[in-house]
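Every read-out reported here was derived from the displayed coordinates using simple, explicitly stated rules and does not represent laboratory data. Keep in mind the model is a prediction, meaning the values are calculated, not measured. Positions of Cβ are backbone-derived with ideal geometry, glycine not excepted, and every protein chain shown enters the neighbour counts.
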Amino acid sequence: MNLHEYQARELLKAAGIPVPDGQVATTPDEVESIAKELNGTVVVKAQVHAGGRGKAGGVKLAKDAAEAKAHASNILGMTIKGLTVDKVLVVPAADIATESYAGIIIDRSIQSVVMMVSPAGGVDIEEVAATTPEKIFKARIDSRYGLLPHQAMSLGFKLYDDVKQVRQAAFILRQLYVTFMQVGGSLIEINPLITTPDGAVLALDAKLGIDDNELERRPNIAQLRDLSAEDPHEVEAREAGLSYIKLDGNVGCCVNGAGLAMATMDLVKYYGGEPANFLDIGGSSNPDKVVTALKIIQSDDLVKCILFNIFGGITRCDDVAKGIVEATTQSPLDRPMVIRLTGTNEALGIEILKNAGFDALTDMDEAVEQAVKLAREAA
Ligand code: GDP
Ligand code: MN
């Protein structure tokens, strides 16, 4: 789950990290009155779950309330990376002397949480990593001890020469780690972490991703979820107990089991196609899940062919077959579909499909190759 900047910055603030005060607004008039109150240059910032808002025109400086209102009317309603902006954050503009980057990721290859800083902040960190990797500095964090004071100071010295600023940075980095652990984070970033001309170190942006598996024991974080900011199909899928992630390809995949779903996507690519989604209907026998899954896949216009890949274990082939028949009765298919069905109650499942006019294959390679071909022909 991703948080909005205005939510993430409150968590940083609660941990003692300095962030400028700010208020959220949903209309240009509200923005105008907030800007009037702030009485000076302000920044109007789109609140969407996407980075690069600045580049997309979603972050604008305004020298007075009238200009803030004008920016707000442009930003509210605009789309950034496919997401519609319905909220903006209004903050007093900070004077920037330097822009750095500070973030925490989970590096699975070394099974550790890693703190990263870079004096090349304010820009895309992926770009820094690609073009000037020597400007990124990392510290591996041992979860038994957390970010140690000497690690925080060393990283601080990679950003600043002035020891007063190094100390401020070290404090911020340690509190960033504390916040990351407290909220069950999967990623946290301050970009830019700035210095002002008078030497203060401030967080001007905040990005925070939460590991969904951590939400159950953190109701205070779970209630920050903004359903309106998420892909509606992903929301519907989650409510139905399906794992669904939308992608950009044209082969709509409906698979049972996360491992098989990954393997299916690999095979789609192997045969020269592109998957339209990851979708795991899970291991249960519930025709309703198939109905929801097919509905979600069919609502994606990019999908040119639907591929079912079911390996019946706990999931029974006859239940999936019933689900397919029921779903296609409720909303008739308007594009080709390839079904691969094997395992528990395979014969029964194939029989049910046959009676409803569907063919089913038992070989995965054959099914995927056929689906990729049909998608290509329909594109
Ligand atoms: P992002 O593009 O989504 O990462 O949004 P940011 O919040 O990081 O803003 C993008 C850029 O706008 C920053 O890197 C700054 O250069 C600039 N910016 C943001 N807030 C301020 C501010 O208060 N004062 C000034 N001068 N520039 C700002
Ligand atoms: Mn940023």
Practice task
Kindly put 150, 233, 71 in sequence by how many other C-beta atoms sit within 10 Å of each C-beta, fewest to most.
Solution key: 150, 233, 71
Problem - Furthest towards positive pole of dipole, 50, 129, 325, structure part the chain, Cβ charges - result: 129
Practice task
State, to one decimal in nm, how far the label point of residue 84 lies from the label point of residue 269, with both points 7 Å from Cα in the Cβ direction.
Solution key: 3.3
Completion exercise
To the nearest 20 debye, the chain has a Cα-centred charge dipole, built from +1 on Lys and Arg Cβ and -1 on Asp and Glu Cβ, of 840
Exercise for the section: Please identify which residues in the range 109-128 have an amide N closer than 19 Å to a label point set 7 Å out from the Cα of residue 217, following the Cα→Cβ vector. Expected result: 112-113
Handout entry: Percent of C-alpha pairs per 10 Å bin, the chain, short to long
Key = 5, 20, 24, 21, 17, 10, 3, 0
Practice task
Divide by every residue of the chain the summed helix terms, -39500 (n - 2.57) for each DSSP H run of at least 4, and state the resulting mean residue ellipticity at 222 nm, rounded to the nearest 500 deg cm²/dmol.
Solution key: -12000 deg cm²/dmol
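Placing unit charges on C-beta atoms (Lys and Arg positive, Asp and Glu negative, everything else neutral), compute the dipole magnitude of the range 124-171 about its Cα centre in debye, rounded to 20.
Approximately 320 debye in magnitude.
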Fill in the blank from the handout: The relative contact order of the chain, taking Cα pairs under 8 Å that sit 6 or more residues apart, comes to a percentage of 12
Practice task
Can you check what the Kirkwood hydrodynamic radius comes to for the range 196-352, Cα pairs only, in Å to one decimal?
Solution key: 17.2
Fill in the blank from the handout: The helix 317-330 Cα axis meets the longest alpha-carbon principal axis of the chain at an angle in degrees, between 0 and 90 and rounded to 10, of 80
Handout entry: Total charge dipole magnitude, the range 236-379, about the Cα centre, Cβ charges on Lys, Arg, Asp, Glu only, Debye to nearest 20
Key = 100
Problem - Global geometry of the range 126-186, whether rounded, prolate or oblate, following the gyration tensor of its Cα atoms and the 1.5 cut on a/c - result: oblate
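Could you line up 190, 339, 105 from fewest to most neighbouring Cβ atoms inside 10 Å? Working shown, then result.
Numbers: 190 28, 339 24, 105 18.
Fewest to most other Cβ atoms nearby, the residues stand as 105, 339, 190.
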Completion exercise
Yeah, the range 1-56 with a ≥ b ≥ c from its alpha-carbon gyration tensor (a/c under 1.5 is rounded, else prolate when a/b outruns b/c, oblate otherwise) is oblate
Problem - Dipole-positive endmost among 203, 250, 229 within the range 176-270 (Cβ charges, Cα centre) - result: 250
Handout entry: Positive minus negative residues near residue 312 (Lys, Arg vs Asp, Glu; Cβ under 9 Å)
Key = -2
Completion exercise
Per DSSP loop assignment and a cutoff of at most 16 other beta carbons within 10 Å, the chain keeps its longest run without exposed GluC sites (Glu not before Pro) at 1-215
Practice task
Round to the nearest 10 and give me the degree value, 0 to 90, for the angle of helix 163-183's Cα axis relative to the longest principal axis of the chain.
Solution key: 30
Completion exercise
Counting Lys and Arg as +1 and Asp and Glu as -1 over every other residue whose Cβ sits under 12 Å from the Cβ of residue 153, the net charge comes to +3
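May I ask for the longest run of the chain untouched by trypsin sites (Lys or Arg not before Pro) that are loop-located per DSSP and have at most 15 neighbouring C-beta atoms (other than their own) within 10 Å?
218-379
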